[in-house]
Amino acid sequence: MSVELEGVRKRYGPLEVLRGVTLRAAPGEAVGLVGPNGAGKTTTLRVLAALARPTGGVARVCGWDVARHPDQVRRRVGFVAEQSGVYGRLSGLEILEYFGVLYGLARSEARRRAEQLVSWLGMEKFCGRPASTYSRGMRQRLHVARALLHDPEVLLLDEPTTGLDASTCRLVREAVRSLARQGRCVVLATHSAEEASHVCSRVVHLAEGTVQHEEAAHYPLRATVEGHPVP
Amino acid sequence: MRRAWAVAAKELLDLSRDRRALLLGLLVPALSVPLLSLLVEADTSRRLSSPARVAVVRSAGAEELLRFAQGLVEAVPVADAQEALRTGQVSAVVEVRQADKGGALQEVVVRYRARDPEGLVARERVAQVVARYSLPLVDRALRAHGLDREALTPVRLRDEPVPGGAGWAGSLVPLVVVVWSFAGASLVAADLTAGEKERGAWDILRCAPVSRWSLVAGKFVACWWAGTALAAVATAAQLAASAAGFPGIPQAVVLLLAAACASALAGGASLAVGMVSRSAREAHQWTFPLYLLAMAGATGSGSLAGWPPAAAVPVLNAFLLAQRAAAGGLPEASQLAWAVATSAAACALLLATCTRLVDRE
């Protein structure tokens with residue numbers, strides 16, 4: 001299993017956000033977490049990204065316990081948060097190179113990988129500009145590229161299409177499908193059941209910090225984004 | 001180490017592209033520090049060279065005394081002398097008492113605000129006026145006894161002022177080193193930690209498999225550099241404004257070292273504060289008391305210069321190094337070693353705390 005959550009609980013002070021979430025996802029599977037605001041979708045992803053330590057239960061990514069081996073988990077996870085900031089005075093390419101080095105790539109390798117992803121996500125026209133000039137869609141593509149730099153086994157996406165125009169939405173959705181098709185495990189949190197059923201193979205409904213029910217959502221897996229294979 | 005350097009290089013590149021920060025970081029100390037010093041120095045010199053403003057309680061004796069006051073005291077006409085003293089309209093109130101009308105003056109009472117430098121100057125000036133008035137009387141009395149003034153002053157005091165001295169502006173150099181080190185390092189630290197949390201960039205950095213030590217070390221280098229650079233610019237500006245001018249290469253190196261020691265502590269402490277703050281504003285609120293504490297320590301350290309344990313107190317020892325170098329001297333090797341070692345130890349402790357705080361939710 002790429003992702004395993006067994007009775008995961010998470011408490012922030014008096015507020016229990018997760019109340020025993022159990023979830024599994026295999027390689028090549030795209031799982032949608034759907035629920036209203038406050039259901040625990042983002043917290044579930046933060047636990048899986050080793051950003052939040054569970055207060056109960058066990059969370060494992062690729063067999064590594066997130067609480068005990070957060071660095072091993074971080075090597076295997078790519079995370080696109082709903083409201084991620086960018087370093088506005090650096091260009092998209094510089095940001096990708098920087099994170100490439102942080103993920104352990106040699107500088108030349110980081111640059112090569114960054115250029116591949118820039119090309120794949122159609123960012124050539126703007127990737128040399130300071131990131132402060134990017135639109136929301138451009139920023140989102142940059143975050144997807146950043147999350148894929150180290151070729152992660154698990155990709156976590158939190159509301160990746162919120163506020164994007166139709167064409168960028170389509171690009172992100174097809175990218176998610178392609179990644180799953182290539183054997184990566186994708187966990188996508190969204191408040192829209194429709195989006196989850198379009199993108200994912202399985203939809204998990206969360207409410208008040210617990211899994212309410214699961215359902216299969218068949219989708220046509222495609223291995224390309226705008227005709228190019230995922231690098 | 002490679003990743004720590006990557007974090008530091010990125011932060012420095014980001015900082016170097018921040019035009020507003022660069023402009024403020026260079027122009028504000030370069031212009032404001034000497035301007036403030038020159039204005040205060042000019043004001044102090046004007047107050048010292050111009051006659052002291054006093055209110056004189058009118059009497060025949062007072063009129064006689066004022067004949068000797070030229071250049072020393074300016075009698076300001078006021079309706080209520082005590083009120084004028086209380087409100088700062090005059091620096092002192094002079095009341096002359098005579099034994100009998102038309103006789104010699106018996107007593108001159110000077111009322112002044114004891115904690116006011118201008119009051120002290122006024123009191124000194126009135127004493128000089130009284131001495132001027134008394135001198136002919138003393139001469140006359142001595143002559144009546146067959147003596148002259150020389151008999152009362154067997155030892156002469158002769159003033160021989162020489163050029164030099166750092167002046168008021170020069171005496172501020174150590175404070176400038178500490179204050180601007182703290183300002184530079186803490187502003188950058190708040191932006192690189194709590195500021196990134198606000199912008200949503202902190203989490204994506206925490207997602208990367210970078211050791212917490214590399215992350216903290218990289219950010220610390222940027223804060224340290226900013227604090228030292230800002231202190232260097234401010235100190236150079238302050239030295240340019242002081243009468244002493246540039247103290248010499250070895251002294252400049254010591255000043256830079258003092259700035260580096262103060263910046264290291266300020267950077268470490270501010271990073272730790274930034275890690276537990278949710279916004280840059282909150283970080284500034286927490287850092288401000290630290291800033292005041294450093295200023296208070298630096299201001300009060302002059303009286304601790306002769307106290308040996310002061311050399312082992314971080315920030316205080318940096319201030320003492322700067323004080324010595326600004327005066328044109330060089331600290332002893334042991335003093336340097338203590339300053340560097342204690343600053344490094346305190347900084348290491350703070351950075352170790354920061355690594356434990358990186359993953360704080």
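Each value in this text was obtained by applying a stated rule to the coordinates, not by laboratory testing. Quick caveat: nothing in here was measured; it's all calculated off a predicted structure. Ideal geometry is used to build each Cβ from the backbone, glycine not excepted, and the neighbour counts take in all protein chains shown.
Tabulated results
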{"read-out": "Hydrodynamic radius of the protein assembly as shown per Kirkwood, over alpha carbon pairs, in Å", "value": "29.2 Å"}
{"read-out": "The stretch B:49-151: Cα Rg divided by the 2.2 N^0.38 Å rule of thumb", "value": "1.15"}
{"read-out": "Inter-label distance for B:R156 and B:Q89, nm, one decimal - labels placed 7 Å from Cα along Cα-to-Cβ", "value": "4.5 nm"}
{"read-out": "Euclidean distance of C-alpha centroids, the stretch B:321-344 and the stretch B:224-301, integer Å", "value": "15 Å"}
{"read-out": "Rg(Cα) / (2.2 N^0.38 Å) computed for chain A, rounded to two decimals", "value": "0.97"}
{"read-out": "Degrees, to the nearest 10: B:117-144 long Cα axis against longest axis of chain B", "value": "30 degrees"}
{"read-out": "Nearby lysines by direct alpha-carbon distance to B:K10 (threshold 20 angstrom, same-chain neighbours under 8 apart not counted)", "value": "B:K197, B:K219"}
{"read-out": "Tilt relative to chain B, helix B:249-276 - C-alpha long axis, 0 to 90 degrees, to 10", "value": "60 degrees"}
{"read-out": "Spacing of the two label points (7 Å from each Cα toward its C-beta) at B:Q285 and A:Q212, in nm", "value": "3.7 nm"}
{"read-out": "Charge dipole of the protein assembly as shown about the Cα centre (unit charges at C-beta), most positive-ward option of B:P161, B:V7, A:A25", "value": "A:A25"}
{"read-out": "Folded to 0 to 90 degrees: helix B:173-190 orientation relative to chain B principal axis, Cα", "value": "30 degrees"}
{"read-out": "Extension gain, B:A252 back to B:L293 (0.36 nm per residue minus Cα-Cα distance, nm)", "value": "12.2 nm"}
{"read-out": "At R0 = 41 Å, FRET efficiency that the Cβ-Cβ distance of A:L15 and B:R115 yields, to 0.05", "value": "0.15"}
{"read-out": "Residues B:D116, B:D80, B:D203 arranged by fewest to most Cβ contacts within 10 Å", "value": "B:D80, B:D116, B:D203"}
{"read-out": "Binned Cα-Cα distances of the stretch B:26-106, short to long, each 5 Å bin given as a whole percent", "value": "3, 14, 17, 15, 15, 10, 8, 6, 5, 3, 2, 1, 1, 0"}
{"read-out": "Estimated FRET transfer efficiency when R0 is 41 angstrom, pair A:R181-B:D18 (beta carbons, to 0.05)", "value": "0.45"}
{"read-out": "Coordinate range along principal axes, alpha carbons of chain B, Å, largest first", "value": "97, 46, 34"}
{"read-out": "Residues A:W64, B:W213, B:W307, sorted so that the one with the fewest Cβ neighbours within 10 Å comes first", "value": "B:W307, B:W213, A:W64"}
{"read-out": "Label-point separation, B:L349 to B:Q70 (7 Å along Cα→Cβ), nm", "value": "6.5 nm"}
{"read-out": "Taking B:V233, B:V276, B:V90 and counting other C-beta atoms within 10 Å, the order from fewest to most", "value": "B:V276, B:V233, B:V90"}
{"read-out": "Highest-fluctuation residue, A:P27, A:P36, A:P14 considered, GNM on chain A with Cα pairs under 10 Å", "value": "A:P14"}
{"read-out": "Assigned charges on the beta-carbon of Lys, Arg, Asp, Glu; the protein assembly as shown dipole about Cα centre (debye)", "value": "740 debye"}
